[in-house]
């Protein structure tokens, strides 16, 4: 029998812990435990421990590089053998702090050390924007790497993964470790080499996809005894040497709220080309038939849940229109499914908002980050319906080989932790789903951010007039302005309005994402106006130009509220970093997407002021309407994520894709 790599042996023999969520009384106890953890005041203990680490600075500062490497070798050996003590962990943090200063010129502050300690203890560290999360993560990553089983640093996108890996590589190298970054274009052999490094930077999509590919390689033989028995018997279906990953030991998740919460709405699916080319013509025919149907008469639409329901008149009309086509169109259920999907694509999925057309392809835009997602497609025929709607070449629907929810995937890691700028709002879900407590780390300097009260209008016309007036007023002071929009289309429209007003601006969205670093680098300069979608430099800092501090710093304008309050807070966090001055304000109208999909009493307000959409209705009562819509949106998203997880679990139990122990 050929050699079985030790990492593969360990992965199969020590399969990840059970991923079943607690139910009934266990769930109630689980929630109570999370509340108790939040009330124990861990922040103070971590800060005191961090101060002790800072006090050890003199012990290592005078050492030569070679002597420091010798000390590192001694400490690393104890971690590798699993014989480290609590004192060794403290010493390791102090060593990494010294190494960071020598290699990249950054010496972690007390709050960064506290965040690192929180992550090392299996928590989510919430740090304000600009407080240095990337550097903070190196300390727990070094400890995990020294244990010899690998550490995955998960980031929100490939650009950040590559940037952080290259930026922090000197620290890891000095500490005697290898580091690499998984890129989308890598071959399986290259990926395997990077996963065998001590520290691997990658996105959640790449890590989960490689995990599924390994499961497909193993097939049904996903435990050590069965895999070895089949290998001994000479079964050619089992090739353990072709596995890409070496197990899911430790993950540190950057932008944890985005990765663990936002991306969890959609499962990851490994698929291949479908085997029914006739479907392509069916999608094109469905798009034509959908264009013949009349809203309200033939079908009704539910904007909140993005559902289309055919009326009795619509069903009869569809039957008449499709009668000459024959084939699958003779089946009422199938033709209605195809046309409803085409109507959903036309009514609820809008170009330059949910997707863009790039080089003849429909490319999804991430709703939460505003970035392109070229490797993803909508499932259940929706992507094909959108291609048909846009008149693009329709690709056959893909056949699913394997799938896993991100909630399930991340619970497979033996050690999971992370960091984010906005974890407080999702602390309950992070605990219930991942058993991760959130520790709020205070900023190094007191915040000088001035959050101004929302301005709320009956309609969009009044809102946009007020936004333009605010831009003119602030621009005259010389302060830089960042204007956040929810879609590519909105950012482009606003950009044109500003140009028409004679105001120079930069536009950052999925169409211009190649210029992101350049645009963000200048967004804090005096007099600069930047219009951006949610991708507005998330993961990077907007630094103030010369003299901007004295003018009042960066001013942020949100042109809509988002479905999640933390996304608003993420946008506002672009200003007033590290004690800089700054201000932020949101503008809302009763016909914004949030208010249309989760209206409550907003629809009545909109009807009342239908003839006077310029009217401002800012008040405590209207603010409660907006807050209520956000709460309803957050609850709906939570239910959607739970449904994805339930579906994943059901498929596991009934279809047997994975075996017990995964």
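Of note:
- For the chain, average projected area of the Cα convex hull in nm²: 33.0 nm²
- Summarising the label geometry, the points placed 7 Å from Cα in the beta-carbon direction at residue 375 and residue 216 lie 1.3 nm from one another.
- Looking at the chain alone, DSSP beta bridges between its own residues are antiparallel in about 25 percent of cases.
- Estimated [θ] at 222 nm from DSSP helical runs (n ≥ 4, -39500 (n - 2.57)) normalised by residues in the chain, nearest 500: -14500 deg cm²/dmol
- Stretch gain in nm, segment residue 596-residue 187, where the contour uses 0.36 nm per residue and the Cα spacing is subtracted: 142.7 nm
- Measuring r between the beta carbons of residue 107 and residue 178 and using R0 = 25 Å, the FRET efficiency lands at 0.55.
- Theoretical FRET efficiency, 1/(1+(r/R0)^6), r = Cβ-Cβ of residue 359 and residue 499, R0 25 Å, to 0.05: 0.40
- Enclosed volume per residue, in Å³, of the convex hull spanned by Cα atoms of segment 371-414: 109 Å³
- Counting every other Cβ atom within 10 Å of each residue's Cβ, 80, 250 order from fewest to most as 80, 250.
- Summarising the label geometry, the points placed 7 Å from Cα in the beta-carbon direction at residue 67 and residue 452 lie 5.7 nm from one another.
- Relative contact order of the chain, defined on C-alpha pairs under 8 angstrom at six or more residues apart (%): 16 percent
- Placing R0 at 45 angstrom, the Cβ-Cβ distance between residue 647 and residue 518 gives a FRET efficiency of 0.60 after rounding to 0.05.
- For segment 274-397, a Kirkwood hydrodynamic radius built from all Cα pairs, placed in the Stokes-Einstein relation at 4 °C and 1.567 mPa s, yields a translational diffusion coefficient of 87 µm²/s.
- With all pairs of separate Cα atoms included, segment 448-637 yields a Kirkwood hydrodynamic radius of 16.8 Å.
- Convex hull of segment 89-153 built on C-alpha atoms - directionally averaged projected area, nm²: 4.4 nm²
- Sorted peptide list for 61-74, 330-343, criterion being average Cβ within 10 angstrom, highest first: 330-343, 61-74
- Distance between the pseudo-spin-label points of residue 242 and residue 167 (7 Å out from Cα toward the beta carbon): 3.9 nm.
- In terms of packing, defined here as the mean over residues of other Cβ atoms within 10 angstrom, the peptides 635-641, 197-203, 175-181 line up highest first as 197-203, 175-181, 635-641.
- Each residue in 591, 278 was given a count of other beta-carbon atoms within 10 angstrom of its own, and listing them fewest first yields 278, 591.
Any read-out appearing in this document is the output of simple, stated calculations on the displayed coordinates, not a laboratory observation. This structure is a prediction, so every number in the text was calculated from the model and none was measured. Don't worry about glycine lacking a Cβ; one is built from the backbone with ideal geometry, like all the others, and counts go over all protein chains shown.
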